[in-house]
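The values are calculated or read from the model by the stated rules, or taken from the named source; none is laboratory data. Fair warning: this is a prediction, and the values are worked out from it, not measured in the lab. Counting neighbours? That spans all protein chains shown, and the Cβs are built from the backbone with ideal geometry, glycine included. Quick note on the areas: whole protein, heavy atoms, side chains included, nothing else; ligands and nucleic acids left out. Shrake-Rupley method; radii C 1.70, N 1.55, O 1.52, S 1.80 Å.
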Amino acid sequence: MPRPDLSRVPEWYHRYINQVKEDDLMAAFKNQEAEFNRFFGELPGEKRDYRYAEDKWTIREVLQHIIDGERVFAYRSLCIARKDKTPLPSFDENSYAENSKAGKREWQDMIEEFQTIRRGNEIMFKSFDAEQLDSTGTASGKSVYVLGLGYVLIGHVNHHIGIIRERYL
(Lines give C-alpha, C1' and ligand atoms only; values in the text may rest on other atoms or scores of the structure.)
Protein backbone atom coordinates (compact mmCIF):
# COMPACT_ATOMS: atom_id res chain seq x y z
CA MET A 1 0.00 0.00 0.00
CA PRO A 2 1.74 3.21 -1.16
CA ARG A 3 1.64 6.64 0.44
CA PRO A 4 -1.35 8.75 -0.59
CA ASP A 5 -1.30 10.89 -3.71
CA LEU A 6 -1.62 14.43 -2.30
CA SER A 7 -3.24 15.64 -5.53
CA ARG A 8 -6.26 13.47 -4.62
CA VAL A 9 -6.99 15.09 -1.26
CA PRO A 10 -7.83 18.69 -0.30
CA GLU A 11 -4.81 20.82 0.52
CA TRP A 12 -5.84 21.22 4.17
CA TYR A 13 -5.22 17.45 4.64
CA HIS A 14 -1.61 17.68 3.43
CA ARG A 15 -0.42 18.87 6.86
CA TYR A 16 -1.84 15.72 8.44
CA ILE A 17 -0.65 13.27 5.80
CA ASN A 18 2.84 14.79 5.82
CA GLN A 19 3.12 14.06 9.56
CA VAL A 20 2.94 10.31 8.93
CA LYS A 21 6.46 8.93 8.48
CA GLU A 22 5.47 5.39 7.56
CA ASP A 23 5.01 4.32 3.95
CA ASP A 24 2.54 1.64 5.00
CA LEU A 25 -0.81 2.57 6.54
CA MET A 26 -1.12 -0.57 8.66
CA ALA A 27 2.37 -0.03 10.09
CA ALA A 28 1.38 3.56 10.89
CA PHE A 29 -1.70 2.36 12.79
CA LYS A 30 0.41 -0.10 14.81
CA ASN A 31 3.21 2.38 15.53
CA GLN A 32 0.86 5.12 16.66
CA GLU A 33 -0.91 2.92 19.20
CA ALA A 34 2.07 2.81 21.58
CA GLU A 35 2.80 6.54 21.14
CA PHE A 36 -0.82 7.53 21.85
CA ASN A 37 -1.03 5.31 24.93
CA ARG A 38 2.28 6.55 26.32
CA PHE A 39 1.62 10.22 25.63
CA PHE A 40 -1.92 10.47 26.97
CA GLY A 41 -1.36 7.85 29.69
CA GLU A 42 1.57 9.80 31.17
CA LEU A 43 -0.01 13.26 30.88
CA PRO A 44 -0.12 14.80 34.37
CA GLY A 45 -3.62 15.04 35.80
CA GLU A 46 -3.22 18.75 36.56
CA LYS A 47 -2.58 19.45 32.86
CA ARG A 48 -5.72 17.79 31.49
CA ASP A 49 -7.93 20.84 31.97
CA TYR A 50 -5.22 23.37 31.12
CA ARG A 51 -5.62 25.76 28.21
CA TYR A 52 -2.72 27.92 27.05
CA ALA A 53 -4.97 30.89 26.19
CA GLU A 54 -8.47 31.94 27.16
CA ASP A 55 -10.06 31.10 23.81
CA LYS A 56 -8.24 27.78 23.28
CA TRP A 57 -9.37 24.24 24.06
CA THR A 58 -8.25 22.38 27.16
CA ILE A 59 -6.17 19.25 26.63
CA ARG A 60 -9.27 17.25 27.56
CA GLU A 61 -11.19 19.06 24.80
CA VAL A 62 -8.34 18.36 22.37
CA LEU A 63 -8.59 14.67 23.22
CA GLN A 64 -12.35 14.78 22.66
CA HIS A 65 -11.70 16.50 19.31
CA ILE A 66 -9.30 13.68 18.36
CA ILE A 67 -12.04 11.15 19.21
CA ASP A 68 -14.65 13.09 17.21
CA GLY A 69 -12.28 13.45 14.25
CA GLU A 70 -11.55 9.72 14.35
CA ARG A 71 -15.26 8.98 14.02
CA VAL A 72 -15.85 11.53 11.25
CA PHE A 73 -12.86 10.52 9.10
CA ALA A 74 -13.69 6.82 9.53
CA TYR A 75 -17.32 7.37 8.54
CA ARG A 76 -16.20 9.23 5.44
CA SER A 77 -13.83 6.38 4.60
CA LEU A 78 -16.54 3.75 5.02
CA CYS A 79 -19.05 5.64 2.88
CA ILE A 80 -16.57 6.20 0.08
CA ALA A 81 -15.23 2.62 0.18
CA ARG A 82 -18.80 1.35 -0.12
CA LYS A 83 -19.36 3.54 -3.21
CA ASP A 84 -21.89 5.81 -1.53
CA LYS A 85 -21.99 8.83 -3.85
CA THR A 86 -23.72 11.09 -1.32
CA PRO A 87 -21.60 14.21 -0.70
CA LEU A 88 -20.48 14.10 2.93
CA PRO A 89 -20.78 17.23 5.06
CA SER A 90 -18.08 19.20 6.83
CA PHE A 91 -17.97 19.22 10.59
CA ASP A 92 -17.50 22.33 12.66
CA GLU A 93 -14.85 21.24 15.14
CA ASN A 94 -15.39 24.32 17.30
CA SER A 95 -19.09 23.61 17.66
CA TYR A 96 -18.34 19.98 18.43
CA ALA A 97 -15.83 21.02 21.11
CA GLU A 98 -18.19 23.60 22.60
CA ASN A 99 -20.96 21.00 22.87
CA SER A 100 -18.88 17.96 23.81
CA LYS A 101 -19.04 18.39 27.59
CA ALA A 102 -15.51 16.98 27.61
CA GLY A 103 -14.83 18.70 30.93
CA LYS A 104 -17.30 16.37 32.63
CA ARG A 105 -15.79 13.19 31.21
CA GLU A 106 -13.49 10.76 32.97
CA TRP A 107 -10.00 10.82 31.43
CA GLN A 108 -9.61 7.04 31.35
CA ASP A 109 -13.00 6.66 29.64
CA MET A 110 -11.83 9.00 26.90
CA ILE A 111 -8.58 7.06 26.44
CA GLU A 112 -10.52 3.80 26.24
CA GLU A 113 -13.03 5.28 23.81
CA PHE A 114 -10.27 6.37 21.43
CA GLN A 115 -8.50 2.99 21.70
CA THR A 116 -11.73 1.15 20.92
CA ILE A 117 -12.66 3.32 17.96
CA ARG A 118 -9.11 3.23 16.64
CA ARG A 119 -8.93 -0.56 16.83
CA GLY A 120 -12.18 -0.80 14.86
CA ASN A 121 -10.82 1.63 12.29
CA GLU A 122 -7.60 -0.32 11.97
CA ILE A 123 -9.57 -3.50 11.29
CA MET A 124 -11.81 -1.66 8.82
CA PHE A 125 -8.83 -0.32 6.85
CA LYS A 126 -7.20 -3.76 6.90
CA SER A 127 -10.37 -5.14 5.30
CA PHE A 128 -10.30 -2.67 2.40
CA ASP A 129 -8.86 -4.03 -0.82
CA ALA A 130 -6.92 -1.97 -3.37
CA GLU A 131 -10.10 -0.90 -5.19
CA GLN A 132 -11.73 0.32 -1.98
CA LEU A 133 -8.59 2.17 -0.87
CA ASP A 134 -8.52 3.88 -4.27
CA SER A 135 -12.22 4.87 -4.14
CA THR A 136 -12.99 8.58 -4.44
CA GLY A 137 -15.88 10.54 -2.98
CA THR A 138 -16.81 14.02 -1.84
CA ALA A 139 -16.45 15.38 1.69
CA SER A 140 -16.60 19.03 2.72
CA GLY A 141 -17.27 19.89 -0.91
CA LYS A 142 -13.92 18.46 -2.09
CA SER A 143 -12.79 15.24 -3.70
CA VAL A 144 -10.99 12.83 -1.38
CA TYR A 145 -10.09 9.16 -1.44
CA VAL A 146 -10.02 6.37 1.11
CA LEU A 147 -6.26 5.80 1.38
CA GLY A 148 -5.77 9.54 1.90
CA LEU A 149 -8.34 9.51 4.70
CA GLY A 150 -6.54 6.60 6.36
CA TYR A 151 -3.38 8.69 6.52
CA VAL A 152 -5.43 11.65 7.76
CA LEU A 153 -6.55 9.51 10.72
CA ILE A 154 -2.93 8.94 11.75
CA GLY A 155 -1.69 12.43 10.91
CA HIS A 156 -4.55 14.14 12.74
CA VAL A 157 -3.49 12.48 15.99
CA ASN A 158 0.19 13.28 15.35
CA HIS A 159 -0.75 16.90 14.65
CA HIS A 160 -2.59 17.34 17.94
CA ILE A 161 0.04 15.55 20.02
CA GLY A 162 2.56 17.97 18.51
CA ILE A 163 0.42 20.98 19.40
CA ILE A 164 -0.01 19.74 22.97
CA ARG A 165 3.76 19.26 23.34
CA GLU A 166 4.50 22.69 21.86
CA ARG A 167 1.82 24.84 23.46
CA TYR A 168 0.49 23.09 26.53
CA LEU A 169 3.40 21.33 28.22
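Pairs LYS47/LYS142; LYS56/LYS104; LYS83/LYS126; LYS21/LYS142; LYS47/LYS101: which are spaced more than 29 Å apart, C-alpha to C-alpha? Could you put the intermediate results ahead of the total?
Values: LYS47/LYS142 37 Å; LYS56/LYS104 17 Å; LYS83/LYS126 17 Å; LYS21/LYS142 25 Å; LYS47/LYS101 17 Å.
Too far apart for the 29 Å limit: LYS47/LYS142.
Any idea what the alpha-carbon Rg over 2.2 N^0.38 Å comes to for the range 129-169?
Values: Rg = 13.9 Å, N = 41, 2.2 N^0.38 = 9.0 Å.
Dividing the Cα Rg of the range 129-169 by 2.2 N^0.38 Å gives 1.54.
How many Å² of accessible area per residue for the range 12-105, probe 1.4 Å?
Working: 5350 Å² over 94 residues.
With all protein chains present, the range 12-105 gives 57 Å² per residue.
Could you give the spread of the C-alpha atoms of the range 79-160 along their three principal axes, from largest to smallest, in whole angstroms?
41, 27, 22 Å, listed from the longest principal axis down.
Could you tally the net charge around ASP109, taking each other residue with its Cβ under 13 Å from the Cβ of ASP109, Lys/Arg +1 and Asp/Glu -1?
Charge balance near ASP109 sits at +2.
What full-extension length gain, to one decimal in nm, is calculated for SER90 and MET26 as 0.36 nm per residue of separation minus the Cα-Cα distance? List each step's numbers first, then the result.
Values: separation 64, 0.36 × 64 = 23.04 nm, distance 2.61 nm.
Gain in length upon complete extension: 20.4 nm.
Could you tell me the distance between the Cα centroids of the range 124-169 and the range 66-88, to the nearest Å?
The range 124-169 and the range 66-88 have Cα centres spaced 10 Å from each other.
Which whole-Hz couplings ³J(HN,Hα) result when phi for each residue of the range 80-97 is put into the Karplus expression 6.51 cos²θ - 1.76 cosθ + 1.60, θ = phi - 60°, listed in order with x for Gly and Pro?
With the stated coefficients, the range 80-97 comes to 5, 4, 8, 6, 6, 8, 5, x, 8, x, 6, 10, 8, 4, 6, 5, 4, 4 Hz.
Hey, got the Cα dimensions of the chain along the principal axes, in Å, largest first?
47, 30, 25
For the range 36-83, state the average projected area of the convex hull of the C-alpha atoms over all orientations, rounded to one decimal in nm². Don't jump to the answer; show the numbers that get you there.
Details: hull surface 17.3 nm².
Averaging across all directions leaves 4.3 nm² for the Cα convex hull.
Starting at the first residue of the range 44-58, write each ³J(HN,Hα) from the Karplus equation 6.51 cos²θ - 1.76 cosθ + 1.60 with θ = phi - 60°, in whole Hz, x for Gly and Pro.
Those phi angles translate into x, x, 6, 8, 4, 9, 7, 10, 7, 8, 4, 9, 9, 5, 6 Hz.
Under the rule of at least 5 residues apart or a separate chain, name every residue whose amide H is placed under 5 Å from the amide H of ALA139.
Amide H neighbours of ALA139: LEU88, VAL144.
For the modelled label position 7 Å from the Cα of ARG8 along Cα-to-Cβ, which residues of the range 15-31 have backbone nitrogen atoms closer than 14 Å?
25
What are the semi-axes of the equivalent ellipsoid of the range 1-49, taken as the square roots of 5 times the eigenvalues of the Cα gyration tensor, listed largest first and rounded to whole Å? Before the final figure, lay out each step's value.
On the way: eigenvalues 156, 47, 6 Å².
Listed largest to smallest, the semi-axes of the range 1-49 are 28, 15, 6 Å.
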